[in-house]
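Take a look at the structure below.
The values are calculated or read from the model by the stated rules, or taken from the named source; none is laboratory data. In this text the structure is predicted, and so the values were computed from the model without any measurement. Note: ideal-geometry Cβ built from the backbone for every residue, glycine included; neighbour counts use all protein chains shown. Just so you know, the surface numbers come from the protein's heavy atoms only, side chains and all, with ligands and any DNA or RNA stripped out. Shrake-Rupley method; radii C 1.70, N 1.55, O 1.52, S 1.80 Å.
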Amino acid sequence: MNDKKIILTGDRPTGKLHIGHYFGSLQNRVKLQDEYEQYILIADVQALTDNFNNSDKVRNSIRELVLDYLACGIDPNKSTIYIQSMIPEVAELTVFFSNLVTVSRLQRNPTVKTEIAQKKELFGNDGESITYGFLGYPVSQAADIAIFGAHIVPVGEDQFPMIEQTREIVRKFNSTYGDILVEPEALVGKFPRVKGLDGNAKMGKSLGNAIYLSDTKEEIERKVMNAVTDKTKIRKDDKANPDVCMVGYYHNLFSGDEKEIVFDECRSGSRGCVACKKQLASNINRYLEPIREKRKYYEEHMDLVDEILIKGTKRARSKAKETMKKVKEAMKIDYFKN
Ligand code: TRP
Ligand code: SF4
């Protein structure tokens, strides 16, 4: 087990996971857990940078997140799931790292820049609401990664600059104090982002356009019925274009070979949208059924879920402590032995 490379991924606990998360990363994590020593971080401290006054949301999302992981096939015997705030060594490393990065470099971090621009748009101010904690979140993310000696960090396109930032901080640490930290590589996901039911490029809770892994059969049916279709199709036998229809788009993901028939019938006008939607909903439900069943099992055994979190966090913490021992020796702040 020890010669396996280390991989680290994580999510902010701010809500339940949707099928965009599933195709974009969860599916991949399930595969990677066999090949790598995998850590899965529940980034509650990072979630608090944006939600410091909403700790209920963060707290309540933690178990939802673990339920989603387990439901999708993350195996706690192969993957270490842990809670960030319960590893105080990460906060400690963040402080040491904060001397190794300039404020202007953080302000130039593309992910931070984009998020600041979004905040400005949202709150309509000139960025005076940007906190020290928010600006510094790439530093804490670097600590998340470096403390486990992660070799590989799978990320979406938007998080790529975070890994670049981590590499710089690690290089700076190693050149200053000695070569002890691992410089991680980003593994950028190939799966395109899944669009929302309304056609929005982003699927998200605030937009109300997401299909959650925990949605019931009825919720899926209702959501699919409201999906945006080819607007030129008014009557059942009008010809239409499945490529400009969100139902068509989702048939691509869930309907396998059946989709060719669906598309042909849509184009020739021999298929009505209602039947088309019903078929899609039933395919999505067939796909999600095993996930739903597994989720239900763990929902009924929440003590198991807690145990998985406690064990994972314990395992993660002992690894973090090992790294911190080396870090402090290297920094010459290991004043007393033991
Ligand atoms: N920033 C990531 C997100 O918003 C979550 C995260 C925190 C993370 N620390 C990490 C991801 C370390 C990978 C590695 O999704
Ligand atoms: Fe979309 Fe299906 Fe209607 Fe075609 S028939 S427009 S693919 S819902």
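Mind running the shape call on the range 62-190? Use the C-alpha gyration tensor, a ≥ b ≥ c as the square roots of the eigenvalues: rounded below 1.5 for a/c, prolate if a/b tops b/c, oblate otherwise. Before the final figure, lay out the partial values.
Details: a/c = 1.71, a/b = 1.14, b/c = 1.50.
Because a/c hits 1.5 or more and a/b fails to exceed b/c, the range 62-190 counts as oblate.
Among 231-241, 147-157, 88-98, 249-259, how do they line up by average Cβ neighbours within 10 Å per residue, starting with the highest? Each step should come with its number before you reach the end.
Details: 231-241: 12.8, 147-157: 20.3, 88-98: 18.5, 249-259: 16.9.
Highest mean packing first, the order is 147-157, 88-98, 249-259, 231-241.
With a/c under 1.5 counting as rounded, go ahead and sort the range 265-338 into rounded, prolate or oblate using the C-alpha gyration tensor (a ≥ b ≥ c being the square roots of the eigenvalues; past the cut-off, prolate if a/b is larger than b/c, else oblate). Oblate is the answer for the range 265-338, as a/c is 1.5 or above yet b/c matches or exceeds a/b.
With a ≥ b ≥ c taken as the square roots of the eigenvalues of the C-alpha gyration tensor of the range 206-246, please select rounded if a/c is under 1.5 and otherwise prolate if a/b is larger than b/c or oblate if it is not? Intermediate results must be reported in sequence, preceding the final value.
Values: a/c = 3.11, a/b = 2.15, b/c = 1.45.
It is prolate, given that a/c is not under 1.5 and a/b is the larger ratio.
List the trypsin sites (Lys or Arg not before Pro) within the range 1-64 that fall in a DSSP loop (any state other than H, G, I, E or B) and whose Cβ has at most 15 other Cβ atoms within 10 Å. Listed in order of number, the matching sites are Lys4, Lys5. Could you compute the FRET efficiency for Glu164 and Ala117, with r as their C-beta to C-beta distance and R0 at 25 Å, rounded to 0.05? Calculated value: 0.85. Our estimate of slack between Glu322 and Glu157, defined as 0.36 nm per intervening residue step minus the Cα-Cα distance, is 56.3 nm.
Relative contact order for the chain: what is it in percent, counting Cα pairs under 8 Å that are at least 6 residues apart? Walk me through the numbers before you get to the answer.
Working: 482 pairs, mean separation 71.5, N = 338.
Across the chain, relative contact order equals 21 percent.
Round to a whole number: what % of the accessible area of the chain belongs to carbon and sulfur, probe 1.4 Å? That fraction is 52 percent.
Per the Debye calculation on the chain with a single equal scatterer at every Cα and no solvent contribution, log₁₀ I(q)/I(0) for q = 0.15 Å⁻¹ amounts to -1.27.
Here each label is just a point 7 Å from Cα along the line to Cβ, and for Tyr132 and Tyr297 those points are 4.8 nm apart.
Grab the Cα-Cα distance for Asn99 and Ile234, subtract it from 0.36 nm times how many residues apart they are, and report the gain in nm with one decimal.
On the way: separation 135, 0.36 × 135 = 48.60 nm, distance 6.22 nm.
The Asn99-Ile234 span can extend by a further 42.4 nm.
Of all lysines in the structure, those lying under 22 Å Cα to Cα from Lys326, and not within fewer than 8 positions of it along the same chain, are Lys4, Lys5, Lys172, Lys314, Lys337.
Couplings 3J(HN,Hα) for the range 141-156, derived from phi with the Karplus relation 6.51 cos²θ - 1.76 cosθ + 1.60 (θ = phi - 60°), are 5, 4, 5, 3, 7, 5, 5, 9, x, 5, 7, 10, 10, x, 9, x Hz, where x marks Gly and Pro.
Once the 1.4 Å probe is applied to the protein heavy atoms, the chain comes out at 53 Å² accessible per residue.
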